[in-house]
Amino acid sequence: MLSFRIKALIILLVFSVQGADAQRSKVDSLSQLLREGTSQDTVRLKTLNELAYTYYSIDPKSGVDTSQEAIDLGLQLRNHEGTACICL
């Protein structure tokens with residue numbers, strides 16, 4: 001019989017893989033929205049914010065790059081609230 005620690009580790013591993021898949025799916029969906037939309041508006045800013053936050057735990061470098069794009073857009077739009085959300 002498997003010990004309790006091994007069982008717990010297996011369960012943890014299964015759930016972490018499922019969580020990573022869910023986040024990857026969310027990244028794909030948000031990226032698709034950004035590719036489809038061409039306007040530089042607050043909807044794009046909010047989508048960039050959400051994408052940067054989603055990248056936080058799965059791809060930090062992409063998260064930083066996306067955050068910088070969102071900051072640049074927020075400043076261009078003079079959207080102080082949207083720009084501040086990026087920094088949180």
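The values are calculated or read from the model by the stated rules, or taken from the named source; none is laboratory data. Owing to the predicted nature of the structure, the values given are computational and were not obtained by experimental measurement. Here the Cβ is made from the backbone with ideal geometry for all residues, glycine too, and neighbour counts use every protein chain on show. Side chains are part of the model used for accessible areas, which takes the heavy atoms of the whole protein and leaves out ligands, DNA and RNA. Shrake-Rupley method; radii C 1.70, N 1.55, O 1.52, S 1.80 Å.
The C-beta contact set for the stretch 42-58 (first residue closer than 14 Å to Gln32 by Cα, second residue open to solvent by 40 Å² or more (accessible area, probe 1.4 Å) and not in a helix (DSSP H, G or I), distance under 7 angstrom, 6+ apart or interchain) is empty. Taken over the stretch 30-88, the criterion of being among the aliphatic types (A, V, I, L, M), open to solvent by less than 80 Å² (accessible area, probe 1.4 Å) and modelled with pLDDT of 90 or more is satisfied by Leu30, Leu34, Leu45, Leu48, Leu51, Ala52, Ala70, Ile71, Leu73, Leu77.
Is the stretch 72-81 home to any residue that is within 16 Å of Leu30 (Cα to Cα) and not in a loop (DSSP other than H, G, I, E, B)? Working first, answer last.
Going through the stretch 72-81, the residues within 16 Å of Leu30 (Cα to Cα) turn out to be none.
Checked against the condition, which is being within 16 Å of Leu30 (Cα to Cα) and not in a loop (DSSP other than H, G, I, E, B), the stretch 72-81 yields no hits at all.
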